[in-house]
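Encoded as structure tokens, the structure appears first; notes follow it.
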Amino acid sequence: MEGETQPLLEAPYTCPQYEAAETPEEEPPPRGPPGKTLSWTTAYILVVSRVIGSGIFATPGSIVKSSGSVGLSLLLWAIGTVLAGCTMVISMEYGCMLPRSGGDKVYLEYTFPRPRFLASTLIAVRAVLLGFTASNCIIFAEYALFAFNVEPTELQQKLVAAGLLTLVTIVHGCFRRTGIWIQNFLGWLKIFLVGSVSLTGIWVILLRPDMASGASAPRQAFAWDTLWEGSNWSWNLLSTSLFKVLYSYAGLNNVNNVLSEVRDPVQTLKTVCPAALLTTGALYLLANASYFLVIPLDEIKQSGELVAALLFERLFGPRVGGILFPLAIAISAAGNVMVVTFALARVNQEIARQGFLPWADVLSSSKPFGTPLWGLIVHYVPSLLVITLPPQGDVYNFILDVEGYPGTIFGVAVAVGLVVLRYREPNLARPFRAWLPAVWLPIAISLASIAAPFIPPPGNRGDVGFFYATYAVVGAGVIVFGVVYWYVWTVLLPRWGGYRLEEEERPHHVQTTLNFFKDHEDGSPPTPNIVGDMQTYNKQPTETIPVTIHDISGHELEYTLDGNGFQIYYHESVEKDFLDDEQIKRVYYPETEQLLKDATGASKVFIFDHTIRRQPKDTRTPAAQLRGPVQRVHIDQSYSASKNRVTHHLPSEAETLLKGRYQIINVWRPIKTIYKDPLAVADAHSVPDSDLVPIKLIYPDRVGETLSVRANPAFRWYYRYGQTPGQVMLIKCFDSKTDGRARRVPHSAFVNPETEGAEPRESIEVRALVFHPEDTE
């Protein structure tokens with residue numbers, strides 16, 4: 001048995017497939033990537049609906065009870081908002097670096113690959129044991145029954161909560177599009193509802209002063225003399241209150257969990273998350289002000305999870321305020337259940353796909369409805385147990401605390417990991433960078449919050465009726481269990497059984513041939529190519545050599561422009577068809593300029609041409625513009641021609657621009673997902689200059705130069721199987737830097753025997769001068 005390997009994981013980070021994409025004619029074969037079906041609006045609702053759940057309607061009463069005063073309660077909400085923003089920018093930097101589904105799971109696995117499988121195991125254990133939506137199901141049951149004036153038994157309340165969970169699981173598991181439509185609708189309802197709560201206090205002050213809790217209530221609630229009266233500064237109670245505030249903001253990174261399904265994920269992430277924070281932060285602070293303006297402080301402290309119901313009942317009477325608005329809050333909680341379930345089911349599916357759950361083939365499948373049905377069931381079971389097993393009473397506060405404690409520990413790991421990556425991989429493309437103090441602040445406060453539960457509160461009474469640190473013990477126990485499980489599974493059992501756990505990769509490596517330059521037998525120089533005369537290109541002597549081209553699927557981020565000369569960059573274009581040349585220049589050129597600035601940090605970009613690759617018989621593009629895939633290894637520019645490009649296109653600026661670093665980069669994008677005639681690129685460092693052959697390129701008004709390439713078995717070839725329009729290949733044609741970084745990359749289309757029957761390739765390549773005038777070293 002010695003040396004036997006037991007497969008564990010498939011290609012890491014490859015996203016699961018979901019059927020029923022928007023455009024069936026572009027659906028890839030079975031192992032292809034999911035469709036980009038989530039727009040900016042859907043992504044915004046996905047975040048806002050996740051954030052606005054039961055928190056703002058249910059936690060203020062408990063927070064006020066623990067903090068003791070209006071001032072301290074509002075201070076906690078303000079601090080929580082700042083911390084939520086700091087945590088958000090950390091997730092934004094990670095998401096822009098690693099724009100694929102999975103969220104914190106992907107980030108921790110990438111940042112902490114050692115000890116092997118530890119990060120993955122801890123995430124899996126937390127997701128399965130604590131990834132439930134029980135709290136919002138409970139709030140739904142409480143507010144729905146309150147709205148119908150029912151004094152529920154414990155069994156009735158649990159049945160209603162479990163019924164909601166079951167219904168949401170069925171909808172998302174069997175009717176994917178319907179589920180997305182419903183959660184979008186409920187998301188807008190939530191925004192309206194929280195807006196109503198938030199504006200209520202102002203409405204009371206301006207128009208209905210008689211409805212406030214006494215004529216002087218607004219003045220008393222926020223008068224400095226009484227603002228801090230009764231404040232409880234126990235760090236134990238303040239930390240649990242802070243957990244509840246942060247719980248109310250949980251989900252600002254929800255779009256990170258489904259980034260593989262988002263159109264233009266990087267740009268969407270940059271705008272959706274701040275927009276959601278501004279929306280919810282403003283609404284939350286106004287909502288708290290409304291509670292204090294309308295409801296007496298003592299009643300808020302005793303309201304439990306029904307503070308919002310008291311607000312509306314006090315304002316609008318028992319019929320409208322006591323029925324319609326609590327019912328709307330219940331529906332809002334249901335919307336939160338839908339959004340959380342939607343995202344966590346995909347995380348569970350990914351966990352199963354990577355082998356951390358039994359029956360991985362079944363639980364990671366999207367059959368039979370093209371949805372993560374089995375991931376939903378994995379989410380359903382622990383949620384149902386948490387709803388039905390604990391006794392009624394303190395269960396809601398306990399759930400929030402026990403979810404928040406390990407979440408804080410994982411949050412510290414994610415934030416520390418970001419700092420580690422800044423130093424370990426400084427050249428990794430970061431389209432968004434978090435402000436470093438915003439990274440260290442949540443680390444410091446989170447570490448204090450992790451220790452706080454073990455500091456006895458006054459009278460040894462926390463926010464629950466049993467031992468005040470129970471939630472911390474349980475939360476830490478889940479992590480300890482994860483470590484023990486990891487050690488037994490990955491260390492002890494393999495040691496006893498004489499096998500090793502290995503990642504099982506199933507990449508689409510290709511054995512094929514490429515066409516290389518062949519020197520003239522008489523030693524004469526190569527004949528020039530003439531632009532517009534394809535016969536001159538075909539006259540160049542070539543030799544066809546067998547090669548292996550390696551699929552980088554799942555490892556895209558290991559290859560960078562400076563390290564290898566090529567890079568996959570995730571970006572969705574507004575332009576989809578690429579049929580109108582003027583529209584390409586008007587719409588696609590500015591997009592590409594910004595893409596290159598984001599990817600390289602350049603301050604100036606000048607696009608000098610583009611080429612559309614379609615089959616010569618394609619009637620959608622004028623014949624003069626049609627070019628098929630080039631199946632000949634080449635580099636678009638020689639070293640000397642690259643410098644001449646600057647003086648030719650930007651003569652008035654050339655002298656200044658040539659003093660700094662300048663590059664030529666080919667931005668190569670599929671128009672449709674590519675299976676036939678994909679593009680291969682060689683690692684720049686495997687190709688010596690001695691194998692490059694300059695060939696003159698004759699234009700009507702000038703002479704340029706490209707590079708052909710002689711064959712060499714040392715070349716290392718790569719491609720991305722099933723490359724989608726959102727996966728842009730950046731190919732470095734030239735770099736003026738000579739400090740050892742990659743300077744140029746040979747590339748060529750090639751025949752993949754497995755996909756010869758697929759649709760003809762369609763792609764567009766844009767070539768641009770990229771300038772870094774400040775880099776003059």
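Each reported figure results from applying straightforward, stated rules to the coordinates on display, with no laboratory input. Remember, it's a predicted structure, so these values are computed and weren't measured experimentally. Neighbour counts run over all protein chains shown; Cβ positions are idealised from the backbone, glycine included.
Quick one: work out the % antiparallel among DSSP beta bridges in region 510-772, nearest 5.
In region 510-772, approximately 85 percent of DSSP beta bridges are antiparallel ones.
With a point put 7 Å past each Cα toward its Cβ, work out how far THR611 is from ASN538 in nm, to one decimal.
1.7 nm
How much FRET efficiency would the formula 1/(1 + (r/R0)^6) give for VAL362 and HIS520, where r is the Cβ-Cβ distance and R0 is 56 Å, rounded to 0.05?
Once the sixth-power term is evaluated, E becomes 0.40.
How would you rank 737-749, 416-428, 509-521, highest first, on the average number of other Cβ atoms within 10 Å across their residues?
737-749, 509-521, 416-428
Among ILE635, PHE750, GLY554, whose Cα sits farthest toward the positive end of the charge dipole of region 510-772 (+1 at Cβ of Lys/Arg, -1 at Cβ of Asp/Glu, about the Cα centre)?
Of the candidates, ILE635 comes out farthest on the positive side.
Fewest first, what order do THR490, THR133, THR59 take by the number of other Cβ atoms within 10 Å?
Listing THR490, THR133, THR59 from fewest to most nearby Cβ atoms yields THR490, THR59, THR133.
Test of understanding: ordering TRP486, TRP435, TRP40 by Cβ neighbours within 10 Å, fewest first, what list do you get?
With the fewest neighbours first, TRP486, TRP435, TRP40 line up as TRP435, TRP40, TRP486.
Assuming R0 = 41 Å, what is the FRET efficiency of ARG500 and ASN712, from their Cβ-Cβ distance, to the nearest 0.05?
Step by step, r from the Cβ atoms, then E = 0.70.
What ranking do CYS273, CYS174, CYS86 get, fewest neighbouring Cβ atoms within 10 angstrom at the top?
CYS174, CYS86, CYS273
For labels at LEU447 and ILE698 in the simple 7 Å Cα→Cβ model, what's the distance in nm?
Modelled inter-label distance: 7.0 nm.
So if R0 is 22 Å, what FRET efficiency would TRP233 and PHE454 give, r being the distance between their Cβ atoms, rounded to the nearest 0.05?
For TRP233 and PHE454, the calculated efficiency is 0.80.
Measuring from a point 7 Å past the Cα of LEU428 along Cα-to-C-beta, which residues in region 527-570 have an amide N at less than 20 Å?
Once the point is set 7 Å along Cα→Cβ of LEU428, 552-570 turn out to lie under 20 Å by backbone N, inside region 527-570.
Note down the nm distance, to one decimal, between modelled labels 7 Å out along Cα→Cβ at TYR487 and at VAL473.
Going by the 7 Å Cα→Cβ label model, 2.1 nm.
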